[in-house]
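The values are calculated or read from the model by the stated rules, or taken from the named source; none is laboratory data. Because the structure is a prediction, the values reported are computed rather than measured. Every residue, glycine as well, gets a Cβ built from its backbone with ideal geometry; the counts of neighbours run over all protein chains shown. In case anyone asks, the SASA skips ligands and DNA or RNA and just uses the protein heavy atoms, side chains included. Shrake-Rupley method; radii C 1.70, N 1.55, O 1.52, S 1.80 Å.
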Amino acid sequence: MSFQQTFNDIRTLIQAGKINVCIDGNLVIEEHAKQATLKKVEVISVGALAFSIKLDSCNFPGQAVFNAHPSLHSACDAVAFCDVDGKPYIICCELKSREPTRHEVTKQFQGAHCFLAYLDTLLNQYCQCELISSWERRYFVFHGGQSTPLRKSPSHETPSNSAPERALFMPVKNGHKVYVRKLLGKPL
């Protein structure tokens with residue numbers, strides 16, 4: 001089975017209003033809070049079938065069941081499903097107007113991690129497709145600050161931000177564009 005079928009099955013499971021599709025191979029990640037000064041970041045060359053889930057607007061699936069907990073119902077702004085060199089990636093993104101503490105965003109990324117485990121269970125139970133549990137995941141915090149110009153070459157080795165606790169922090173300006181390959185530490 002192909003990851004493209006899984007992409008389609010995920011889109012079928014998630015409400016259409018919670019999905020952000022790519023346009024011309026690019027995804028726009030947005031923050032809708034009125035007080036936010038960092039409103040959007042554009043991830044470039046994510047693949048024609050890529051999309052993101054506006055996770056922070058979805059509410060946790062068990063919110064009506066579980067008691068309140070400091071991090072149980074937290075979520076990052078977006079979980080993107082991308083195709084790079086014929087390989088699927090999951091990219092969890094959080095936009096912050098200022099540089100947050102690692103503790104602040106770890107709760108949101110742990111919420112995304114739980115959501116992805118739940119989504120994988122649904123795919124396993126109800127869809128005949130490849131599961132997402134083996135796909136590489138990366139976690140990014142885009143925060144207001146001094147950004148660097150759009151560069152084609154990666155400025156770092158392959159990032160080790162494959163867990164909610166190890167998100168990569170990137171200072172950007174509103175509307176910043178970044179190549180997905182740069183985020184993944186791959187040459188263009």
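Which of the residues belonging to region 104-122 are farther than 26 Å from residue 143 by Cβ, of a type in the set (A, V, I, L, M, F, W, C) and open to solvent by 10 Å² or more (accessible area, probe 1.4 Å)? I'd like the intermediate steps shown before the answer.
So the first thing to find is which residues in region 104-122 are farther than 26 Å from residue 143 by Cβ, and the list is 117-122.
Among the residues that remain, those that are also of a type in the set (A, V, I, L, M, F, W, C) are: 117, 119, 122.
Hits for region 104-122 are 117, 122.
Does residue 8 satisfy the criteria of being polar (S, T, N, Q), more than 21 Å from residue 107 (Cα to Cα) and either at pLDDT 95 or above or not in a strand (DSSP E or B) (or both)? Reasoning before the result, please.
Numbers: polar (S, T, N, Q): yes; more than 21 Å from residue 107 (Cα to Cα): yes; either at pLDDT 95 or above or not in a strand (DSSP E or B) (or both): yes.
Judged against the criteria, residue 8 is a match.
I want to confirm something. Restricting to region 13-55 and keeping residues that are free of Cβ contacts under 8 Å to residues at least 24 places away in the same chain and of a type in the set (A, V, I, L, M, F, W, C), which single residue is nearest to residue 76 (Cα to Cα)?
It comes out as 33.
Is there a residue in region 92-102 that is over 21 Å from residue 39 (Cβ atoms), at pLDDT below 95 and either small (Gly, Ala, Ser) or surrounded by fewer than 16 Cβ atoms within 10 Å (Cβ to Cβ) (or both)? I'd like the intermediate steps shown before the answer.
So the first thing to find is which residues in region 92-102 are over 21 Å from residue 39 (Cβ atoms), and the list is 101-102.
Next, from what is left, pick out any that are at pLDDT below 95: 101-102.
Filter again for either small (Gly, Ala, Ser) or surrounded by fewer than 16 Cβ atoms within 10 Å (Cβ to Cβ) (or both), leaving 101-102.
Looking through region 92-102, at least one residue is over 21 Å from residue 39 (Cβ atoms), at pLDDT below 95 and either small (Gly, Ala, Ser) or surrounded by fewer than 16 Cβ atoms within 10 Å (Cβ to Cβ) (or both).
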